[in-house]
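Below is one structure, written out as structure tokens; comments come after it.
The values are calculated or read from the model by the stated rules, or taken from the named source; none is laboratory data. Quantities reported herein were computed from a predicted structural model and do not represent experimental measurements. Note that each Cβ is placed from the backbone with ideal geometry, even for glycine, and that neighbours are counted across all protein chains shown.
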Amino acid sequence: MSDLSVKLGVLRLGRVAGKCKYTLIDEKDVNLVQQYAVEPRVEVDKNGNGACIYAVAHDISRGHCSGKYLHELLWESHNGGIAPGWRVTHKNHVTVDNRLDNLELVKDNRQAQVPSQPDESSGSQTKNRENSLYWITIMQLTGDPLEVNYPHFSKWYDFNGDIVGPVDGSYVYYECHYAPCTRMEREIREFSICGRCQEVRYCGTSCQERDWPAHKRLCQKRGRQVRESSPDR
Ligand SMILES: [Zn+2]
Ligand SMILES: [Zn+2]
């Protein structure tokens, strides 16, 4: 694919909103980001417009309270400080696509805390998303090795970045489980759940079908574990 002459870095953020999340950065930023512990954070819109996931960088020597949005950290390291009244947003609305080309400085109007999501009913927007560098890159990942090999040791994070168990319901909104898809529920339990494992949710049947080759191994395993070890929710 000649379009992919750009050098990219993919960072595993961890488990959040029902799936394993990754963030995309420019390859030249990989060294910078390695000085931090980068974790996912779900931001829930206070007006009930759903939620979205950001990558947050924690200074390894200073712990959780030092968290800073990765997109702001990257912007500042290339363009200098962000003036009061301004903020950095993601041009393609994919809040974990932290390539510098995807970031822009906009006036902070405080309204749109959660960026608008593409409308699922619009076919052309779906095409745009699927042609996006984020989608193409994440689609090439062959499943999360930690999840496959050590399902019990995979970390789940809640809204505060604290580690939680996978079945305690601390994550309220699910993102579509198909790795490259960034559609997130706007209402709790909006997406349909995998009927076999009752663990993962999808924005539609096409994502569920495309995720199946990767998900099927875990789908059976999880089902067994849930029956053995977990009480009903
Ligand atoms: Zn989806
Ligand atoms: Zn399943």
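Side notes on the structure shown:
- Among the residues of segment 51-95, those that are of a type in the set (Gly, Ala, Ser), under 20 Å from the mean Cα position of the chain (by Cα) and over 20 Å from residue 106 (Cβ atoms) comprise 51, 57, 67.
- Hits in segment 180-212 - residues which are β-branched (Val, Ile, Thr) and either within 16 Å of ligand 2 (Cβ to nearest atom) or over 18 Å from residue 125 (Cα atoms) (or both): 188, 193, 200, 205
- In segment 47-64, the qualifying residues are those that are buried (at least 18 other Cβ atoms within 10 Å of the Cβ) and touching a residue at least 40 places away in the same chain (Cβ under 8 Å), and the one that is farthest from residue 21 (Cα to Cα) is 50.
- Pairing each residue of segment 21-46 that is in contact (Cβ under 8 Å) with a residue 60 or more places away in the chain and more than 22 Å from residue 200 (Cα to Cα) with any residue that is assigned to a strand (DSSP E or B) and among the acidic types (Asp, Glu), provided the two are 6+ apart or on different chains, yields C-beta distances under 7 Å for 24/97.
- Within segment 213-225, considering residues that are loosely packed, with under 15 Cβ neighbours inside 10 Å and at pLDDT below 60, the one farthest from ligand 2 (Cβ to nearest atom): 224
- The single residue among 14, 18, 67, 81 that is surrounded by fewer than 14 Cβ atoms within 10 Å (Cβ to Cβ) and either touching a Cys at 6+ places or on another chain (Cβ under 8 Å) or of a type outside the set (D, E, K, R) (or both) turns out to be 81.
- Scan segment 72-99 for residues that are under 22 Å from residue 137 (Cα atoms), β-branched (Val, Ile, Thr) and part of a strand (DSSP E or B) and the total you get is 1.
- In segment 189-204, the residues that are in contact (Cβ under 8 Å) with a residue 24 or more places away in the chain and away from ligand 1 (no atom under 11 Å from the Cβ) form Cβ pairs under 9 Å with partners that are assigned to a loop (DSSP other than H, G, I, E, B) and among the aliphatic types (A, V, I, L, M), at six or more places apart or across chains, as follows: 194/200; 199/167.
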